[in-house]
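The values are calculated or read from the model by the stated rules, or taken from the named source; none is laboratory data. All values derive from a computational prediction rather than experimental measurement. Backbone-built Cβ (ideal geometry, glycine too); neighbour counts: all protein chains shown.
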Amino acid sequence: MKRAVIGLVVGLLLAGAAYAIWWYRARSQFDDAVAAARQRGEPVWFVDLEPPPISPEQDGGPLYVRAVSLLHPRTTRDSLRKLLERVIEKAKQGGVAAIPASDMEQLANEVDRNHAALKIVDEAILKPHCRIPRNYHSPDPMLEDETLTLAIANIGMLMSADFLLALRSGDIARAAARIEDRYELAHALRGEVTAIAYLSRLGLCNTATRDLALLVGHADLTPGQFRSFDQWLVTSAEETKSSRTILAERAAGLTLWQDVNRERAPFWYRFSFMRPLHLQDRAEFLERTTKLAEGADATGPDRPSVQIDSAIKKGASDAIIPTRPMTWTGLPGLIAITDVGLLNRQVLLNGRFGIRVARSFRESGRLPMKLEEVHDDEFKEVPLVLRTGLPLKLESVEGGFRIWSINDGALRDQSRGAFEVRFLAGSGDL
């Protein structure tokens with residue numbers, strides 16, 4: 001009996017010593033990962049995302065907040081999106097003249113009842129910055145009220161509706177301005193790097209580029225308009241790179257996972273004696289997201305995000321016990337953000353080529369046979385598709401042309417990322 005007791009005590013002492021070593025090593029691993037991130041100037045916690053103060057004269061945020069408060073309650077995102085999708089499809093096939101009068105009346109009603117909000121947004125985007133109020137000291141960033149951020153989509157759709165009304169009335173200058181307004185709003189919101197804000201900025205750029213394709217099918221851009229749109233496409237591609245959002249979402253995740261009971265972690269992971277495992281999980285998440293952020297905006301089929309995705313999936317599938325729930329559940333979502341960012345940049349790149357093809361057609365009366373024919377000082381050669389490394393494709397469609405990415409598996413419908421222009425009848429030789 002005495003030997004059994006001694007054996008038990010020795011066993012407990014050894015187990016305690018082993019646990020202390022495990023805890024110490026895990027704590028050191030996490031502290032080292034945090035220190036390395038700090039040294040690189042990366043945010044670690046959500047509070048680190050809080051921007052430095054700026055003068056009120058430079059911030060259009062209060063104006064934006066006021067504009068959101070004036071949005072008509074009957075203007076819902078889903079109803080407006082469905083209306084615009086229906087109208088845009090009609091316009092693609094037969095120009096804005098083909099849009100039914102009833103649909104145009106609905107668009108006009110939406111714009112009219114939100115006229116005051118749009119006017120204030122027009123003032124906000126003239127400021128150098130537009131900061132959305134946010135509690136960066138929140139212990140649970142995922143529960144932050146994102147109403148103001150989600151309203152970006154509504155405002156973008158209202159600008160698109162106003163664009164269509166201007167194009168239908170023949171006011172090309174106002175139609176062009178309504179496209180530029182969305183690029184400007186995305187630019188003003190460039191400091192908003194959470195995932196919801198990032199995806200909202202991508203939405204502004206995507207709808208603006210989609211409407212730009214409609215505009216060049218209806219009218220010839222002036223040299224000034226061409227230069228302005230080309231510069232906005234360049235600026236938007238640079239400002240919608242995803243690396244900052246990857247680090248921002250990591251900071252939000254680490255802040256949330258300080259208390260694993262607030263997250264849907266395995267029940268055994270929540271026990272206090274599993275603290276070393278929490279630290280190891282967060283350390284690995286820190287290290288892997290750093291690598292992901294460093295290569296988030298890389299291109300080609302072998303870009304780092306693809307390799308990290310494969311490693312994460314293999315680690316998760318090989319593990320008998322899910323010892324890295326934060327890493328294995330958090331990283332796939334961040335990798336998806338990098339893919340969406342690349343697709344958006346591709347849309348903008350397609351737009352830059354698209355306005356050049358349209359200009360060539362307007363000048364010569366015929367479509368070029370290949371993209372190499374529209375080279376200028378900005379494009380010495382045709383770049384490859386960002387995701388796949390394959391060549392861009394220019395093809396004729398009924399009444400116009402389409403620039404799109406060949407075999408991009410991320411797009412179920414290959415035309416979704418395309419820059420497609422249908423010229424009005426009598427524009428030239430198609």
Check your understanding: Just wondering, is there one or more residues in the stretch 305-322 that are of a type in the set (S, T, Y), at pLDDT 80 or above, closer than 27 Å to W404 by Cβ and not in a helix (DSSP H, G or I)?
Key -> no
Review point. Does the stretch 76-97 hold any residues that are surrounded by 19 or more Cβ atoms within 10 Å (Cβ to Cβ), out of contact with any His (no Cβ under 7 Å at 6 or more places or on another chain) and not hydrophobic (A, V, I, L, M, F, W, C), and which are they?
Key: K92
Check your understanding: How many residues does the stretch 371-394 hold that are over 23 Å from A298 (Cβ atoms) and exposed (fewer than 12 other Cβ atoms within 10 Å of the Cβ)?
Key -> 3
Study note, to complete from the structure: Restricting attention to the stretch 216-231, the residues that are within 22 Å of I88 (Cα to Cα) and either buried (at least 23 other Cβ atoms within 10 Å of the Cβ) or of a type in the set (G, A, S) (or both) number exactly 4
Exercise for review: Report yes if some residue within the stretch 33-50 is surrounded by fewer than 19 Cβ atoms within 10 Å (Cβ to Cβ), under 23 Å from C130 (Cβ atoms), out of contact with any Lys or Arg (no Cβ under 7 Å at 6 or more places or on another chain) and not charged (D, E, K, R); otherwise report no.
Suggested key: yes
Check your understanding: So which pairs qualify, if the first residue must be in the stretch 14-27 and under 22 Å from A283 (Cβ atoms), the second must be assigned to a helix (DSSP H, G or I) and not basic (K, R), the Cβ gap must be under 7 Å, and the two must be at least 6 apart or on different chains?
Key -> W22/P276; W23/P276; A26/P276; A26/L279; A26/Q280; R27/L279
Practice item. Taking T149 as meeting all but one of (1) of a type in the set (V, I, T); (2) within 14 Å of the chain's Cα centre (by Cα); (3) under 22 Å from L233 (Cα atoms), write down the number of the exception. Key: (3)
Review point. Considering L394, L349, which residue is hydrophobic (A, V, I, L, M, F, W, C) and in a strand (DSSP E or B)?
Key: L394
Point to revise | Matching residues in the stretch 99-138 - criterion: being of a type in the set (S, T, N, Q) and without any contact (Cβ under 8 Å) to a residue 40 or more places away in the chain | key: S102, Q106, N109, N135
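Would you kindly identify the helices (runs of 4 or more DSSP H) lying entirely within the stretch 48-125 that contain at least 2 residues that are closer than 26 Å to T194 by Cβ and assigned by TED's automatic domain parsing to the domain that holds D162?
On the way: elements: 61-69, 77-94, 101-113, 115-124.
Qualifying helices (runs of 4 or more DSSP H): 61-69, 77-94, 115-124.
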